Amino acid sequence: MIEVDVGEAVLGNLRIGISPLWETVASLSLLSRRDACPWPYTVWARNARQALGRGRGGEALAWFAGVGLPLPAFLTPVPPPTAAGIDEELDALRAVPEETVRQELARRYPSGTPEPFARFAKEPGEALDRYADLIQDYWTATVAPYWSAMRPVLDQEVLLQARVLATAGGEAVLGRLGGRLRWDRPTLSLNDSSPSRREVRRARRLVLVPLLFARGTPLCVTGSHGEDEVAVAYQARGSAVLAGGRASGAVRQDAEPERGDRLAILVGRGRAAIVRALAVPTTTSVLATTLGLAASTVSEHLTALVAAGVVQRHRIGVRVMYELNRSGRALLEYLDNETVHPAA
């Protein structure tokens, strides 16, 4: 159990940051499990394993399977304040000072560095370069083909949380994260499957990292400058974008629903994908791009969902936004396995 002490000043200074590197590490955690990946990751996992079998990237998965989470903090740095791509994040990882690596390993493993990290202790610079190369190969094979579909969903998640932060405050944001995270003021607790261990961290700044692959993945990192900054991952809405079966995120409406996908069995794959995507307020054009559907098709589905009383629309400036209302969220929670929290 990791407990982050969040003071009043921190609540007013929350930051939300997207990280392709963290997303990649979370996907490694998911793919390295022995059991089958659950929906909505089933199709992605199958495609990822096929891609790794055809080319490079498998070495990262093999290494990670023997290590697991949590990793030393220098391998998953706190995401930067400005939006960064995977290349920028890997460059920053390669540039981590050797002394920082050795200090973190000594702090984390006082009885001696485990074998998988021995090279980081002996030759930090070379080991970081090698690790970054492995992550780059894995990213290229498994996550990059989906990133154009994932990024708009994550951007919408950030906008949603920013709206909650502005209208209801930081405590409202922390109280609706769900999953392994529990907010009991002034403590944000992360269940990392180590009930016998209790670790307390004090944050002067808290960074929330929305991930589509975060389900069941405990990621909490303290920045390299003491305990000034703590970053915590949480499961973002909209991971259904990974269930389309194509790298573009496109949904085949005529295809049979995935086994066990009750929502798709009830309303069809296309409309089910739209319902899931509407857990985050969004527009017709973003839905069309994200799901790979024609704008006219999306518009037709939205009209039906509004008429059915499960979706509401409202205008923000020149944009018309759609999102699930209370009935829509209840429908999704009942038929889906993603936790949906109401927007403030």
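Any idea which of A141, A127, A92, A121 is within 20 Å of V25 (Cα to Cα) and in contact with a Leu (Cβ under 8 Å, 6 or more places away or on another chain)?
A141
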Cβ-Cβ under 7 Å pairs, at least 6 apart or on other chains, the stretch 291-319 side charged (D, E, K, R), far side surrounded by 12 or more Cβ atoms within 10 Å (Cβ to Cβ): R313/V306; R313/V320; R313/M321; R313/Y322; R319/T283
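Going by the structure shown, is R108 free of Cβ contacts under 8 Å to residues at least 24 places away in the same chain, of a type outside the set (S, T, Y), in the same structural domain as W147 (by TED's automatic domain parsing) and farther than 17 Å from A214 by Cβ?
So R108 does not fit the description; no.
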Residue list for the stretch 54-66, filter: surrounded by fewer than 18 Cβ atoms within 10 Å (Cβ to Cβ) and under 12 Å from F117 (Cα atoms): W63, G66
Enumeration of residues in the stretch 282-308 that are outside any helix (DSSP H, G or I), out of contact with any Lys or Arg (no Cβ under 8 Å at 6 or more places or on another chain) and closer than 26 Å to L177 by Cα: T282
Test set (1) of a type in the set (S, T, Y); (2) under 15 Å from the mean Cα position of the chain (by Cα); (3) at pLDDT 90 or above - T140 fails condition number: (2)
Entirely in the stretch 174-270, the strands (runs of 3 or more DSSP E) that have 2 or more residues that are within 29 Å of A73 (Cα to Cα) and at pLDDT 75 or above: 181-184, 187-190, 205-211, 220-222, 229-235
Considering residues of the stretch 271-304 that are among the small types (G, A, S) and buried (at least 22 other Cβ atoms within 10 Å of the Cβ) only, the residue farthest from the chain's Cα centre (by Cα): A272
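Look at the stretch 81-99 and say how many of its residues are outside any loop (DSSP other than H, G, I, E, B) and surrounded by 12 or more Cβ atoms within 10 Å (Cβ to Cβ).
Final tally of qualifying residues: 10.
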Cross-chain or 6+ apart pairs with Cβ under 6 Å, the stretch 265-285 first and β-branched (V, I, T), then not in a helix (DSSP H, G or I): I265/P257; V280/R237; V280/G238; T283/R319
For I18: the one exception among (1) at pLDDT 90 or above; (2) assigned to a helix (DSSP H, G or I); (3) more than 14 Å from L242 (Cα to Cα): (2)
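Inside the stretch 2-23, can you point out the residues that are of a type in the set (A, V, I, L, M) and surrounded by fewer than 17 Cβ atoms within 10 Å (Cβ to Cβ)?
Selection gives A9 alone.
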Criterion: in contact with a helix residue (DSSP H, G or I) (Cβ under 7 Å, 6 or more places away or on another chain) and charged (D, E, K, R) - qualifying residue of E89, E115, E99: E89
Odd one out for A36, checked against (1) surrounded by fewer than 20 Cβ atoms within 10 Å (Cβ to Cβ); (2) modelled with pLDDT of 90 or more: (2)
Those residues of the stretch 53-74 which are at pLDDT 90 or above, among the aliphatic types (A, V, I, L, M) and touching an Asp or Glu at 6+ places or on another chain (Cβ under 9 Å), in sequence order: A60
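The values are calculated or read from the model by the stated rules, or taken from the named source; none is laboratory data. Note that the structure is a prediction, hence the values are computed from the model and not measured. Cβ coordinates were reconstructed from backbone atoms using ideal geometry, including for glycine residues, and neighbour counts include every protein chain displayed.
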